[in-house]
Amino acid sequence: MKRKQYSNEFKMQVVKEALESGNRAAVARRYELHYNVVQRWMKDADAGKFEDFNMAVVDDAGSKALV
């Protein structure tokens, strides 16, 4: 069986939803992905492996800052 290939745009969308919702497992289920795949994509996004993507961090005041 051949491994599935996902575009960077799709990966960024999944990571963005996981960050916004705070529930990685639910996002993984929604897209029929394994939880570890979402975790790895989030780690890759944090390391800057996806172009045009910045990890956003929400502070206690509720404002977002790009990392």
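The values are calculated or read from the model by the stated rules, or taken from the named source; none is laboratory data. Given the structure is predicted, the values throughout are model-derived calculations rather than measurements. Neighbour counts run over all protein chains shown; Cβ positions are idealised from the backbone, glycine included.
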Go through region 2-32 and count every residue that is surrounded by 12 or more Cβ atoms within 10 Å (Cβ to Cβ) and assigned to a loop (DSSP other than H, G, I, E, B). 3
For the list (1) surrounded by 14 or more Cβ atoms within 10 Å (Cβ to Cβ); (2) at pLDDT 95 or above; (3) assigned to a helix (DSSP H, G or I), I need the number of the one condition that Asn36 fails. (1)
